[in-house]
Each structure stands twice: as structure tokens, then as C-alpha cells.
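A short worksheet on the structure shown next.
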Ligand SMILES: Cc1ncc(COP(=O)(O)O)c(C=O)c1O
């Protein structure tokens, strides 16, 4: 029997990375060598101290039932509060201002379900992680794009949002450090955003998944460092990228009590929390952050520097990102984003993601991920630069 799927599913484009994974698999099957700078998924294993903590916790049967609190076990929330104090200098109440999440992706989706009625407006950056827009559509809301362009440092221009849209918007999504552009936001910009949200009566959902991947000593701020931010903000953090834990599905949201509680009410009707043994492993991760994070950053920084300087030898005008493991590069003359990423893949065997996979304002760019799955990371970068040089004749205006 073939039953048609819901219209809500028909209306959305396929999840971009599923397509990329399928294309890569096809090329590999055909015997082609693919230098993969596509999906942003850390290539190194989860640290040993996290794995050991999981094994110990999984051997304790008290971790096996449902986590009935719904918000996360008290020790996990306390570890988050201690981390937030140490890292951002902010006071977070473990009971009430924190919600444990099964990865930040689900929480970003569910906060939209908590606040968006049909017809409501959600302000969404473009280009952006696709979840904000797709989930808004699923709720019957309208995603209003805030273009991120290079002239404004890939920050949205709040003044450009029409008055009628400001009045109707319920949520404002921000994501700094930013995927896909690698841009960062200053505290001044975050303060401006908080002021804007307060003035127009909306909630800021700040996606801080890449907050710990900063370079050259730069430590990206939390929006909750801004005075009074808890009244209008919820921020989403994840252990995925910081500790090479993407598959573990462990993250958290924190912010004002009322907003956190709204998220929790949705989640309690959809999921039953993260396996408690994984939450305990999450505690071990956070407790070892100070020792681990510099090593993680140094590894990506070395790759960033090699890729940026390699591409520059081709005459490519590339800016090194201050954070994230993404490099956002302009396409060569005469190509659209899609044509260019296709040419890189088909001619040089280099897999990047077309900027338009993140929205129409991603046109003119391709994204490189520094999470390189091949065993020889630096060799792969060099090979990619050489392949592009020998196979393609590129110019940039
Ligand atoms: C901007 C952004 N936010 C959130 C996520 C989700 O991360 P996770 O669900 O693993 O915490 C990702 C994953 O790639 C991302 O790029």
C-alpha cells in the first residue's frame, strides 16, 4: 500500500546533507576519490574521559529508567550552571533555567513549536541551519528572512526589518558563531539584539552550538552575558561539536524560566529525555572542559590556517573565520554556488557545500568544513588545493 505523506512533508525540500551523503556514496562507488569538506561532523573520537564516564554510568542500573524529571538530572544541570559561571561569568539556576536536550537540534525545533501559532512570524537568518525555517513552516508560521551579507559582517540588519513584521514576530533566531559563514557576534551586537527583542516583544533563540570553537584566543560570548537577557532569551548549547559527541545526542538550553518551561512542556509531550548515563558522561565532559577545549581548538586552527593559506595561493580571496570549523569562500567568476560546488566535486574531487543549501542569500559562496574524515588531514587539504589548481582555471574579480 502506498499512502501519501502529509502535505507538511511534501512542502519541504529534502534535508540537504542527506543528498550530499548520497552523492558522495555514488562517486565512491564509481571508484572516484572524494576529498570531503562537506558535512560538519567532528572526525576525531570522543575523549576517553567521556567514554569512561559513560561505561561506568551504564554499569549502574539506576541510570536505566526514564529520567522522570523531564528537565535533566540535577547533577547534569548543576554541571551546566558551574560551566556557565566559569566560562561566561553568568549565574544560571540549575532548577528552572536549564533544560537538558537530546542534541540541540530537537530543542531548536521544539522551541518553535512552543511559541509559533499558524500565521505567526519567526525572524530567521539567511543563510542558516535549515531547522529554524523548516520547523516554522511546519507550525504554519512564516519565516521572515534576515539576510546575512559580507558587508555587514554576516550580522542581520534589524533596521531593515519592516515595522509590520517587527510587530508580528514572536521569535528571532540568531546563531553565533555562525554556521555556515563562520562569522562571530560582538557583545555590542548581542546587546543590540536584546534591546530590539525587548522593544518589539519577541524572544531570541540563540543557537550557540559552535560557542567553544574559537580561534586565536577568541572566546565567543553567550547572549546571556547581556544585562536582562534572561527576560527575552533562550540559548542552545551542545556537547556535539565541543567534545566530538555528535552521535551521543546531548545538549542543553538555558535562559529565562518561563521560556525554558515552555520548551520543557513541548518536550515532555514528545520525548522522554536523554539516557541518564549519557547525562553523566556529559558532566564528565563539562568538568574536563578547561583541559580539553584548547586542544580541540588548536587542531581546527591548524587546519583552518592550512586551508586558507592554500586557497590564497590560488588567488582566492578567503577570510579566515574567527570561530566554527567552517570556511565560507566566495565562488569563482562565472559560477553560481551550485555550479561551483559541482565543478569542484566533478573536476577536482573536492566536496564542499553550495551556499544556497543554507538559503538564497548563501548564493555566491561555498562552505568548507574543517572536519576532515580522511586519516591524513593536512595531506587532504594540500591535495585539495593542488587538485583545484591543476584541474580548474579559476579567477576572482
Ligand atoms: C548551527 C547548528 N546548530 C545546531 C546544530 C545541531 O547540533 P546538535 O543537535 O548535534 O547539538 C548544528 C549541527 O550541525 C548546527 O550546525
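Taking the condition at pLDDT below 95 and either in the same structural domain as residue 323 (by TED's automatic domain parsing) or assigned to a helix (DSSP H, G or I) (or both), does residue 9 pass? The answer is yes for residue 9.
With respect to residue 63, determine if the residue is under 14 Å from residue 275 (Cβ atoms) and either in contact (Cβ under 8 Å) with a residue 60 or more places away in the chain or assigned by TED's automatic domain parsing to the domain that holds residue 303 (or both). So residue 63 passes the test. Quick check on segment 221-242: of everything there that is more than 14 Å from the chain's Cα centre (by Cα) and touching a residue at least 60 places away in the same chain (Cβ under 8 Å), which residue is farthest from residue 124 (Cα to Cα)? Among them, the one singled out is 225.
Looking only at residues in segment 196-232 that are assigned to a strand (DSSP E or B) and either within 16 Å of the ligand (Cβ to nearest atom) or at pLDDT below 95 (or both), the one that is surrounded by the most Cβ atoms within 10 Å (Cβ to Cβ) is 205.
Of the candidates 284, 306, 277, 298, the single residue that is more than 21 Å from the chain's Cα centre (by Cα) and not assigned by TED's automatic domain parsing to the domain that holds residue 204 is 306. One residue alone among 329, 356 is under 26 Å from residue 213 (Cα atoms) and assigned to a strand (DSSP E or B), and that residue is 329. Answer yes or no: is there a residue in segment 51-71 that is within 16 Å of the ligand (Cβ to nearest atom) and either buried (at least 16 other Cβ atoms within 10 Å of the Cβ) or under 30 Å from residue 231 (Cβ atoms) (or both). No: zero hits.
Restricting segment 233-265 to residues that are in a helix (DSSP H, G or I) and within 16 Å of the ligand (Cβ to nearest atom), which is surrounded by the fewest Cβ atoms within 10 Å (Cβ to Cβ)? Among those that are in a helix (DSSP H, G or I) and within 16 Å of the ligand (Cβ to nearest atom), it is 247. Every listed requirement among (1) assigned to a loop (DSSP other than H, G, I, E, B); (2) surrounded by 19 or more Cβ atoms within 10 Å (Cβ to Cβ) is met by residue 39 save one, (2). When residue 159 is tested against the conditions (1) surrounded by fewer than 24 Cβ atoms within 10 Å (Cβ to Cβ); (2) over 29 Å from residue 299 (Cα atoms); (3) touching a strand residue (DSSP E or B) at 6+ places or on another chain (Cβ under 9 Å), the lone failure is (3).
So that you can scan it fast, the table gives a plain yes or no per residue for (1) under 19 Å from the mean Cα position of the chain (by Cα); (2) part of a helix (DSSP H, G or I):
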site: 361; (1), (2): yes, yes
site: 366; (1), (2): yes, no
site: 375; (1), (2): no, no
site: 378; (1), (2): no, yes
site: 383; (1), (2): no, yes
site: 386; (1), (2): no, yes
site: 389; (1), (2): no, yes
site: 397; (1), (2): no, no
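For residue 355, the criteria (1) under 19 Å from residue 34 (Cα atoms); (2) surrounded by 24 or more Cβ atoms within 10 Å (Cβ to Cβ) hold in every case but one, which is (1). Of everything listed in (1) surrounded by fewer than 18 Cβ atoms within 10 Å (Cβ to Cβ); (2) within 15 Å of residue 359 (Cα to Cα), the single unmet condition for residue 181 is (1).
The values are calculated or read from the model by the stated rules, or taken from the named source; none is laboratory data. Not measured: the values here are computed from a predicted model. Backbone-built Cβ (ideal geometry, glycine too); neighbour counts: all protein chains shown.
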